[in-house]
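Report on the structure given below.
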Amino acid sequence: MKIRHLKVSALLLAATLLTSSCVGSFSLFNRVAKWNTHATSSKFLNEIIFILISPAYAVCAVADALVLNTIEFWSGSNPMAQKVGTVQEVTGKDGLIYAVKTLRNGYEITSPNGEVVSFIYDKKTNSWSQEQDGKQVEIFRFNPDGTIQARLSDGQTLRVKPDEAGVFEARMAVNGARFWASR
């Protein structure tokens, strides 16, 4: 009887250690699930496929929980979550279709007329930059104090908080508007 309690206690302890702190994105498991739901156009065939490959779900969940989510927790990125090299077509506000390619450190956007603009993330400085025609300009950076330092089109910088008031302040600065309040 004591051995059974010991086994149950060990199992519960292992479960609490595996499920505490880092949840992670479970990218590998989600990829298998997404593939399974879109394997065929018939939900019945997809269910049969699910039953046949159900051990793969368990393996993927364990690999995610023990390895990939741990890497994601310590490094900040999940190796399975990145879809480097994939290109998606996105419709812009102007109604035109743009090609967005995922890079290892950002995105490359190609307009319908062939113009290429890249948005690059620099992990060392925790900043995003825009690169166009060989010229790279920092757009904004995340400061250690939790604020965001944004670069305006006139070259000046603006430090704002990442909240609704900060977004409003940045919009006002970009649009050239000023807001004065007095008591």
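In table form, for the structure just shown:
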| read-out | value |
| --- | --- |
| Any hit, the range 87-99, residues being surrounded by 14 or more Cβ atoms within 10 Å (Cβ to Cβ) and more than 30 Å from THR157 (Cβ to Cβ) | yes |
| Candidate set: the range 135-165, residues that are in a strand (DSSP E or B) and charged (D, E, K, R); chosen: the one nearest to PHE119 (Cα to Cα) | GLU138 |
| The range 128-145 residues that are within 19 Å of ARG159 (Cα to Cα), paired with ones that are assigned to a loop (DSSP other than H, G, I, E, B) and charged (D, E, K, R) (beta carbon under 6 Å, 6 or more apart) | none |
| Test set (1) modelled with pLDDT under 80; (2) under 28 Å from ASN30 (Cα atoms) - GLN88 fails condition number | (1) |
| Check on ASN78, in a helix (DSSP H, G or I) and either closer than 16 Å to ARG31 by Cβ or touching a Phe, Trp or Tyr at 6+ places or on another chain (Cβ under 8 Å) (or both) | no |
| Filtered residue count, the range 24-61, keeping only those that are farther than 28 Å from TRP74 by Cβ, assigned to a helix (DSSP H, G or I), in contact with a helix residue (DSSP H, G or I) (Cβ under 7 Å, 6 or more places away or on another chain) and polar (S, T, N, Q) | 3 |
| Pair list, Cβ under 6 Å, 6 or more apart: the range 59-80 residue farther than 25 Å from LYS123 by Cα, other residue among the aromatic types (Phe, Trp, Tyr) | CYS60/PHE29; ALA61/PHE29 |
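The values are calculated or read from the model by the stated rules, or taken from the named source; none is laboratory data. These figures come from a predicted structure and were not determined experimentally. Every residue, glycine as well, gets a Cβ built from its backbone with ideal geometry; the counts of neighbours run over all protein chains shown.
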